[in-house]
1. Can you tell me which residues in segment 220-238 are hydrophobic (A, V, I, L, M, F, W, C) and under 13 Å from A185 (Cα atoms)?
2. Does A66 meet the test of being assigned to a helix (DSSP H, G or I), closer than 24 Å to P182 by Cβ and modelled with pLDDT under 90?
3. Output the number of residues of segment 271-281 satisfying the condition of being buried (at least 18 other Cβ atoms within 10 Å of the Cβ) and assigned to a helix (DSSP H, G or I).
4. Against the definition (more than 24 Å from I189 (Cβ to Cβ) and outside any helix (DSSP H, G or I)), how does R155 come out, yes or no?
5. Taking segment 224-270 as the search range and keeping residues that are in a loop (DSSP other than H, G, I, E, B) and without any contact (Cβ under 8 Å) to a residue 60 or more places away in the chain, which one is surrounded by the most Cβ atoms within 10 Å (Cβ to Cβ)?
6. Would you mind stating whether P97 is at pLDDT below 85 and exposed (fewer than 12 other Cβ atoms within 10 Å of the Cβ)?
7. One residue is enough: does segment 265-280 have a residue meeting the conditions over 25 Å from the mean Cα position of the chain (by Cα), charged (D, E, K, R) and over 21 Å from I41 (Cα atoms)?
8. Which residue out of V291, V328, V301 is more than 14 Å from T42 (Cβ to Cβ), assigned to a strand (DSSP E or B) and either at pLDDT below 90 or not polar (S, T, N, Q) (or both)?
Amino acid sequence: MFIRETILLSLAMAVAGCALAPAMDLDESRYKKGPISFPIITITAELVARPENQPRQPVNSHNNVALQQALSEYAYRVGPQDVLSVIVWEHPELTIPAGEVRSAEAAGHAVGPDGTIFFPFVGQVKVAGKTVQEIRRLLSHRLAAFITNPQLDVRVAAFNSQRIHVIGQVLKPGILPITDVPLTALEAINKAGGVSPEADLQNVTLTRKDRVRKLDVQALYDFGDTIQNVLLRSGDILHIPDRSKNKVFVLGEFGKPTTLLMHKGRMTLAEVIGASGGFDRLTADPRRIFVIRGEFDHPEVYQLDASSADALLLANRFHLKPKDVVYVASTKLSRWNRVVSQILPTVQTLFFTDELLE
């Protein structure tokens, strides 16, 4: 008799306590009455139509005035370790001999650490910080005391004084020289071999001295947003990160709870449902799909009722953000089944023991 009463008591406790099932669930009332109180926002057509919930749209920035001005005013200035090629026409004695055999870099005038070069008749000439046009005028002026109307051609044979670093998710990370051709962020990425499949182009960073600037190069590729393109300077560090931070976490009664990487920083709720195997037909409550976003003390929770097929249209227009948590709750019946599955072995053991004692 005692064992049978114990069995009945166990069943009664199971019926009364199915909410204690050992499975994770989201209790909406806790978020409305708990110490951290905030509303659960229903995903509706009006919500997904708001501008802040729309994916990034093309911008009219094809005429980046600041960049165009910087490019038009750009002039390379010579620095230490550069090599200059100087040719004085009709005066081969002033030109490096064996010019046809030796390269211009090997035969040129190396700029010393003090920023000077030595040139016949003229002596030491300060060239650091000057453009090739300014160096040409300076040498012509000083040679005029020895040569009538000197004609000079000055070029940079080797660009060694200025460089930038391209690191991260590019095929050929390393050092790129600054030359007499302006170098932008987009051109630097291309010269580094382009990006790898794991690159996160939305969060490229440009470090210049003690300042860090974020560049959305993906918008530059997708929409021609030239505001994201900048002219690089010597010492700049261009970092292309990986997309490991662009994750969406899928939990609850899905066919395959998992972690998904966003493609180009974009993913919709419908894509998450499809990629995670859909809902578990036996345990999921499609009326209670939640998207949890933000910090612990200031979260945002959105709810979608997907009990009807047209709700998937809303899911296809609801765009997720990195580190969002997508959760689908379980049905009350599934929670009851979990309780029964936990206590059933004990009940069966007690039942058979009682049978044996009789």
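The values are calculated or read from the model by the stated rules, or taken from the named source; none is laboratory data. Everything quoted here is computed from the prediction, not taken from an experiment. Every residue, glycine as well, gets a Cβ built from its backbone with ideal geometry; the counts of neighbours run over all protein chains shown.
1. L220, I227, V230, L231, L232, I237, L238
2. Considered against the rule, which asks whether it is assigned to a helix (DSSP H, G or I), closer than 24 Å to P182 by Cβ and modelled with pLDDT under 90, A66 comes out as yes.
3. Of the residues in segment 271-281, 3 are buried (at least 18 other Cβ atoms within 10 Å of the Cβ) and assigned to a helix (DSSP H, G or I).
4. yes
5. M267
6. yes
7. Yes: one or more hits.
8. V328
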